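The values are calculated or read from the model by the stated rules, or taken from the named source; none is laboratory data. Only a predicted model underlies this, so the values are computations on that prediction, with no experimental measurement involved. Note that we place each Cβ from the backbone using ideal geometry, even for glycine, and neighbour counts take in every protein chain shown.
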């Protein structure tokens, strides 16, 4: 009798952990709708909608003239965005790539910071902004 009881906790742990792993895999590939508006000094406003799968990189903008590429990788709690411009440009982080908490508005700045952080304050000139609107699947909350 005691031998059978010692197997029971192991069985319960395996039974519970199996479905949870499967559910996590499903959640990682949800499709979300991202509406966006990009305003860049000296260029026409760009707007559109993209349907992106969470965890995958999705291209929002691919413009030839002036060169502007914006990719986003939507995540469960935060997203990562990358921008490439004709001339060097950066996001709020001072770099081309930035992780953010699914904010609605990000600034675009002229130039970018190098890998070494200097101890002097350098004012960066804003040259535009990106506005985002994340829409999640019907019948769900954020995730």
- Message: Taking the criterion of being surrounded by fewer than 15 Cβ atoms within 10 Å (Cβ to Cβ) and within 24 Å of residue 94 (Cβ to Cβ), would at least one residue in the range 48-57 satisfy it?
- Response: yes
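Any idea which of 22, 55 is on the phi > 0 side of the Ramachandran plot, at pLDDT below 95 and not in a strand (DSSP E or B)?
Values: 22 fails: on the phi > 0 side of the Ramachandran plot.
Testing whether each residue is on the phi > 0 side of the Ramachandran plot, at pLDDT below 95 and not in a strand (DSSP E or B) leaves just 55.
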- Item | Scan of the range 62-91 for residues that are modelled with pLDDT of 90 or more, in contact with a strand residue (DSSP E or B) (Cβ under 9 Å, 6 or more places away or on another chain) and part of a loop (DSSP other than H, G, I, E, B), ordered by number | 67, 91
- Lone unmet requirement of (1) modelled with pLDDT under 90; (2) more than 13 Å from the chain's Cα centre (by Cα) for residue 46: (1)
